[in-house]
Structure formats: structure tokens, C-alpha cells
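Everything below concerns the one structure shown next.
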Amino acid sequence: MRALVVRAVDAPLRVEEIELPAPGPDEVRVSVRAAGVCHSDLSMVDGTLAPPYPLVLGHEAAGVVLAVGDAVTRVAPGAHVVLNWAPPCRSCWYCGRDEPWLCERTGSPSAPRGRTSAGEALHVTLGLGALAEEVVVPQAAVIGVPAELPFEAAALLGCAVLTGVGAVRRTAGVAPGESVAVIGLGGVGLSVVAAARAAGADQVLAVDVSPAKAELAVAAGATDFLLADETLSRAVRERTAGRGVDHALECVGRSATIRTAWRATRRGGQVTVVGMGAKDDIVGLGALDIFHSARTLRSSVYGSSDPDRDVPELARAVLDGTLDLGYLITDRTTLDGAPEAFARMSRGEGARTVILPAP
């Protein structure tokens, strides 16, 4: 089978033939029908994270179950599923506190699985390696969804939408009538914009460095689009009676944009970091500023969500028309077009590219 493989930091991305093992007793083999290109995958390429190589990229996908191991009870062959890159163990201290997004036994950057055609040991991104024609994963990493749910929409539920919607609903707790700034308008950021409007926010200020994102922001539900430049803080305060927003959600994962979100937030407001950054990118805040502003700074890991509960809920919302994901998909391509999709993402173009790997 074919998969998108990277062999070193900043190395070219290539579609290669790989070999996956047969499913073990607790494992499932899935034919990938649609997969999103996510910024977290780029982190595996540009050195933000340092997984072992060679590495199959991809972690946001949906498909059809081809085969199951003898101990699998969760799904059967033919089931339509969304892949979950952080399946909770349900038995650690965090899971016992109903915080499965912090599960101490899941979420590693990569896992060993399979071999290249030359016999080299292979790793897969976040335990999935979903930019491939097929994957073999633990049964806990698949979530059944209705067969009528389009694969393209289903794929995005597994990361961008779950992360963005969860950040608004479960982490930040945006309430009707509040004001929100969303900084960074990739797939996750646009999902945050849409979720904030759906939560009843009166003002949703969408912020990005690219003017080309304005149309996407409005389509997702933004009330205003603002460029991330030296005038941003003033522009936010002009729209919020001089105070700043109740909530700022940072969807980039950089110290500079986290500070931007901090400055855009009113005294007593909340700053939620949704983007994943580098460990050596230090955020500097003054001690007096922290005390005087009374702002809350926190992160949202995987939208503070329980995927087994929330993915089916989101799937139902797509099917009943209350959740429209049309604004998110700006490009579609085959597995061979995946390297260019990564190039577009690194240039900040578009929202989500969906890869259609199956022949």
C-alpha cells in the first residue's frame, strides 16, 4: 500500500510503498477514504516535534473497516469510522477524573508500526499514520459514525472540528452575548470561529496575517476580520468599548501570538491557547501585568473533549444541518498531491486540504 512518508526534519515528502502488519487481536484495519492535512503534521516535518523517522504522516481521517482482530468488539468489517489520535485508556488517574484528553497513556508523537518496502522499521504519526491508503490501529482509536455521513466531513471531525468546537464549548465556555477574538485561521481557527458564533457570541473577531483569509472568516461566521499587524490591539479595543474581548483563542502556537491574544483580552477575561507550539518558544508576561489584568491563561488539549462522546454528537449535527463544514474544505487532492498541500499550508493558504487516498 502507499503512504506519505518523511525521512528527516525538513526532508522532502514522498509517497512510498509500505507494509503494515495484519491486525493483532485488539486491532482494526481501515481503508482510509478521506484525510485532512493538519498543522500538527507539519510539526512532524519542520522540527517543532522530533519523532523517529521514517515516519508516515497524518492523523485526521475517516474510512471503512476492512478487518478486525479476534478480540475486537467495538466495530465490525464494513463499519464507517473516524480515527481518534488520542484514544483514552479509561483507567489512568486523569481518565478517572473525567479528563480523558489528558490521558497519561496516549498522545505520543509517533508509534512504531510496519516497514518500508526496503525493510526499514517505520513509525506512524500519533499512532495512526493516516495519510495512507490503509491503517492498522487499536480498536480504541476508531469511532463509529453513520454510513450516510460524507467521508470528507467525517475526517475533519477527528481533529480540526473536535478541537475547535471543544475549545469554545468545553474549555473556554463561551456564553451568549460575549465577545471573542480568534487568532489564526487555519482549519482549527475557523472551527473556533464557527463554534463561537453557534455559542451565541455577539462579536467574533477573526484575526490572521493573510488578507486572503477574510472571506473564509466571514463564511465561518466572523462578525469582523482583522489583520494581525501593529494596529491590532487598537482595532480590537475600538470594537469592544475600549476593554478588549471576553475570550481570546490563540490557534497558532507561537509565543508572539499568545502575547497578542493576551493584549486583546479585557481585564478578567480568558485567554485559551489552542495551537501547539515549540518547547523553547517562551512566553514572557510581566508579573504586575498578570496581577493587574486578572486574566486567565490556559490551554485546550484536543478541545477538552471526550472523542467517544463528542464525535458522534458532531456527526449528528452535520447530518441534521446544524453544523456546516463546507467553509473548511478549500482543496481536495489525491495522495500524490499531498506534498503540495503541505506547501500550501506552510504558506498559510486556504483552510483544510482533504486527501482522498483510496484508489
note = Between the Cα axis of helix 255-264 and the main Cα principal axis of the chain, the angle (0 to 90°, nearest 10) is 40
key: Dipole-positive endmost among T240, G96, A118 within the chain (Cβ charges, Cα centre)   = T240
task = Note the full-extension length gain between R90 and E19 as 0.36 nm times their separation in residues minus their Cα-Cα distance, in nm to one decimal.
result = 22.5 nm
message = Using only the alpha-carbon atoms of the stretch 278-357 as identical scatterers, what base-10 log of I(q)/I(0) does the Debye formula give at q = 0.11, 0.16 Å⁻¹?
response = -0.60, -0.96
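Explain nothing, just the number: relative contact order of the chain, from Cα pairs under 8 Å at least 6 residues apart, as a whole percent. Before the final figure, lay out the partial values.
Numbers: 879 pairs, mean separation 65.9, N = 359.
Averaging sequence separation for qualifying contacts and normalising by length gives 18 percent for the chain.
Which value, in debye to the nearest 20, gives the size of the charge dipole of the chain about its Cα centre, when Lys and Arg are +1 and Asp and Glu are -1 at the Cβ? Mind showing how you got there, number by number?
Details: 33 positive and 41 negative charges, 179 e Å.
It works out to roughly 860 debye.
Classify the stretch 54-175 as rounded, prolate or oblate, taking a ≥ b ≥ c as the square roots of the eigenvalues of its Cα gyration tensor: rounded when a/c is under 1.5, otherwise prolate if a/b is larger than b/c and oblate if not. Working shown, then result.
On the way: a/c = 1.56, a/b = 1.33, b/c = 1.17.
Prolate shape, in that a/c is at least 1.5 and a/b is the bigger ratio.
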message = Is the C-alpha gyration tensor of the chain telling us rounded, prolate or oblate? Criteria: a/c under 1.5 is rounded; beyond that, a/b larger than b/c is prolate, otherwise oblate.
response = prolate
remark   = For W101, the accessible surface traced by a 1.4 Å probe with all protein chains present amounts, in square angstrom to the nearest 10, to 70
query = Between R309 and V218, what is the label-to-label distance in nm when each label sits 7 Å out along the Cα-to-Cβ direction?
reply = 3.8
inquiry  = Can you give me the C-alpha center-to-center distance between the stretch 161-226 and the stretch 51-94, rounded to a whole angstrom?
reply    = 29
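With an 8 Å cut-off on Cα pairs and a minimum separation of 6 or more residues, tell me the relative contact order of the stretch 79-168 in percent.
34
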ask   = Once the principal axes of the Cα atoms of the stretch 256-307 are found, what is the range along each, listed largest first in whole angstroms?
value = 38, 25, 16
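If the chain between D289 and R263 were fully stretched, how many nm would it gain, using 0.36 nm times the residue separation less the Cα-Cα distance?
Once the chain is fully extended between D289 and R263, it gains 8.4 nm.
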message = Classify the stretch 186-329 from the C-alpha gyration tensor, please: rounded if a/c falls under 1.5, else prolate or oblate depending on whether a/b exceeds b/c.
response = prolate
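Taking Cα pairs under 8 Å and at least six residues apart, what relative contact order does the stretch 189-241 come out at, in percent? Can you show the working numbers first?
Numbers: 55 pairs, mean separation 18.7, N = 53.
About 35 percent, as a whole number.
The values are calculated or read from the model by the stated rules, or taken from the named source; none is laboratory data. Fair warning: this is a prediction, and the values are worked out from it, not measured in the lab. So basically every Cβ, Gly included, is an ideal-geometry build from the backbone, and we count neighbours across all protein chains shown. The accessibility values were calculated without ligands, DNA or RNA, using every heavy atom of the protein model including side chains. Shrake-Rupley method; radii C 1.70, N 1.55, O 1.52, S 1.80 Å.
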